[in-house]
Structures are given as C-alpha cells and as structure tokens.
Amino acid sequence: MDGESKTKLKLAMLSADTVGQFAAIIIDYTHEEMMLVFHELEWEEQARIKDIWKSI
C-alpha cells in the first residue's frame, strides 16, 4: 500500500461517522490495509472508531 493510498484511507476512516460509512470503506480496502492504517492512528482516533463499531 503506497503512501497516497494510506492517506486516502486514513482520511476516509477519520471522516466516517456511522457503521454504514465504515462498511462502504471496507468494500474498497482489505482488512489488512484497514488494520495497518488503524494502528497508525492516534489513541483518541482509534477509540472514536471503536465507539462507532460498538453502536451496531
């Protein structure tokens, strides 16, 4: 995954507010790519994403 793709995925993950928005991202990226970017996020950003996933 190149730097531009990682940046695009990071921005998409940080702008998602709902589980549905994350589901749309999952269609375009692999689990491995998403986890790679997720682990590069700040703790607070990770916690926000986790909270969104817990809402389902």
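The values are calculated or read from the model by the stated rules, or taken from the named source; none is laboratory data. Predicted, not measured: the structure shown is a model, and the values here were computed from it. Neighbour counts are summed over all protein chains in view; Cβ atoms, including those assigned to glycine, are modelled from backbone coordinates with ideal geometry. The accessibility values were calculated without ligands, DNA or RNA, using every heavy atom of the protein model including side chains. Shrake-Rupley method; radii C 1.70, N 1.55, O 1.52, S 1.80 Å.
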Quick one: is Asp17 under 11 Å from the mean Cα position of the chain (by Cα), acidic (Asp, Glu) and surrounded by fewer than 11 Cβ atoms within 10 Å (Cβ to Cβ)? yes
Considering every residue within the range 5-12, establish whether at least one is touching a Ser or Thr at 6+ places or on another chain (Cβ under 8 Å), on the phi < 0 side of the Ramachandran plot and of a type outside the set (Val, Ile, Thr). no
From the list Lys54, Lys6, Lys50, pick out the single residue that is of a type in the set (Lys, Arg) and touching a residue at least 24 places away in the same chain (Cβ under 8 Å). Lys6
Those residues of the range 27-56 which are out of contact with any helix residue (DSSP H, G or I) (no Cβ under 7 Å at 6 or more places or on another chain), open to solvent by 40 Å² or more (accessible area, probe 1.4 Å) and of a type outside the set (Asp, Glu), in sequence order: Ile27, Thr30, His31, Met35, Leu36, His39, Trp43, Arg48, Lys50, Lys54
Within the bounds of the range 23-32, is there any residue that is within 11 Å of the chain's Cα centre (by Cα) and in contact (Cβ under 8 Å) with a residue 24 or more places away in the chain? no
